[in-house]
Amino acid sequence: MPTPDAGVAPRRSTATGIGRALVATYAVFALAASARSAVQLLTKASEAPLAYALSAVAAVVYILATLGLAEVGPRPRALAWGAVGFELVGVLTVGTLTVLDPELFPDATVWSAYGQGYGYLPLVLPFLGIAWLLRTRPRG
Amino acid sequence: VIDPLQTILIVAALVLALVTGVYVALDRSPDRVLIALLALLEAGLVVQAVVGIAQVVDGSGDPTITFVGYLLAALVVLPLGLLWSLGEHSRGATAVLIVALVTVAFLVLRLVQIHADA
């Protein structure tokens with residue numbers, strides 16, 4: 001993939017090697033969160049608007065993280081950092097709130113109870129993403 | 001949907017995930033044998049989707065959008081995963097298939113659960 005800074009610094013790809021498996025994992029969550037959000041909004045939007053809005057936000061975050069790590073778009077690394085950072089804050093905030101007050105969101109989201117419904121992968125994933133972005137960061 | 005088939009699909013997906021793990025450990029890219037086995041699993045998933053949707057149409061299945069969504073999602077995961085995996089020759093690229101196979105096993109398991117709840 002051509003990049004403007006390719007001649008300046010040795011640039012390391014986030015979409016190759018282990019990164020390919022990471023992108024695949026993010027893509028699965030993008031698909032799962034989008035589908036869940038679409039079903040919730042289409043069939044019962046008025047029941048728990050906050051939880052469903054949050055599901056939609058999570059879906060967008062996973063899509064952006066997938067695209068960033070797969071190096072789609074003009075500034076994929078910045079996109080990936082933004083999305084993965086938001087994801088970490090999101091899962092920690094929503095996870096803590098839902099553990100302290102289970103009534104807050106009447107219906108589950110991907111990030112409820114730190115992603116318990118998904119084998120805690122939503123909690124692990126942002127750390128893997130950040131570790132990978134650090135590992136592949138451009139060296140001057 | 002159909003009991004023996006879905007159990008076989010889950011077991012087959014997990015066994016294939018382990019086999020793919022051996023490929024990753026040996027640093028081997030997917031070969032014809034592995035791709036043929038994936039195609040066989042995909043054929044089973046197509047049968048599951050056809051039977052499942054037929055059951056919804058004739059009224060004996062679970063008519064929710066979630067159920068049909070899982071049936072269809074299970075169909076696209078392996079082809080997309082294989083495409084993304086074959087784009088590069090590396091351990092990480094082969095490991096993409098493990099992600100896809102575990103996802104398939106999870107989707108079929110959820111289908112069984114949704115059906116049991118209904």
Taking Rh as the Kirkwood radius computed over alpha-carbon pairs of segment B:1-49 and applying Stokes-Einstein at 10 °C with viscosity 1.306 mPa s, one gets a diffusion coefficient in µm² s⁻¹ of 138 µm²/s
Taking every alpha carbon pair in the protein assembly as shown and sorting the distances into 5 angstrom bins from 0 up to the bin holding the longest one, the percent per bin comes out as 1, 6, 12, 15, 16, 16, 14, 10, 6, 2, 1, 0, 0
For segment A:62-140 the trypsin sites (Lys or Arg not before Pro) that pass both the DSSP coil test and the at-most-12 other-Cβ-within-10 Å test are A:139
Per the charge dipole of the protein assembly as shown (beta-carbon charges, Lys/Arg positive, Asp/Glu negative, Cα centre), the residue among A:78, B:20, A:25 reaching farthest to the positive end is A:78
Rounded to one decimal in nm, the spacing of the 7 Å Cα→Cβ label points at residue A:130 and residue A:78 is 2.1 nm
Here FRET efficiency (C-beta to C-beta, residue B:112 to residue A:101, R₀ 45 Å, nearest 0.05) is 0.90
The relative contact order of chain A, taking Cα pairs under 8 Å that sit 6 or more residues apart, comes to a percentage of 28 percent
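Please give the charge dipole size of chain A, origin at the Cα centre, charges +1 on K and R Cβ atoms and -1 on D and E Cβ atoms. Round to the nearest 20 debye.
760 debye
Based on the Cβ-Cβ distance of residue B:47 and residue A:60, what FRET efficiency does E = 1/(1 + (r/R0)^6) give at R0 = 30 Å, to the nearest 0.05?
0.30
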Given the candidates A:99, A:119, A:131, the one whose Cα lies deepest towards the positive end of the charge dipole of segment A:52-140, counting +1 at each Lys or Arg C-beta and -1 at each Asp or Glu C-beta, is A:131
Here the relative contact order (percent) of chain B, from C-alpha pairs under 8 Å and at least 6 apart, is 40 percent
Dividing the alpha-carbon radius of gyration of chain A by 2.2 N^0.38 Å, where N counts its residues, gives 1.13
Per-residue ellipticity at 222 nm attributable to helices in chain A (runs of n ≥ 4 DSSP H, -39500 (n - 2.57) apiece, nearest 500 deg cm²/dmol) works out to -22000 deg cm²/dmol
Between the Cα axis of helix B:3-25 and the main Cα principal axis of chain B, the angle (0 to 90°, nearest 10) is 10 degrees
Stokes-Einstein, Kirkwood over Cα pairs, chain B, 10 °C, 1.306 mPa s; D in µm²/s equals 109 µm²/s
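Throughout, read-outs are computed from the coordinates displayed, never taken from laboratory work. Note that the coordinates shown come from a computational prediction; the quantities given were computed from them, not determined experimentally. Every residue, glycine among them, receives a Cβ derived from its backbone with ideal geometry; neighbour counts consider all protein chains shown.
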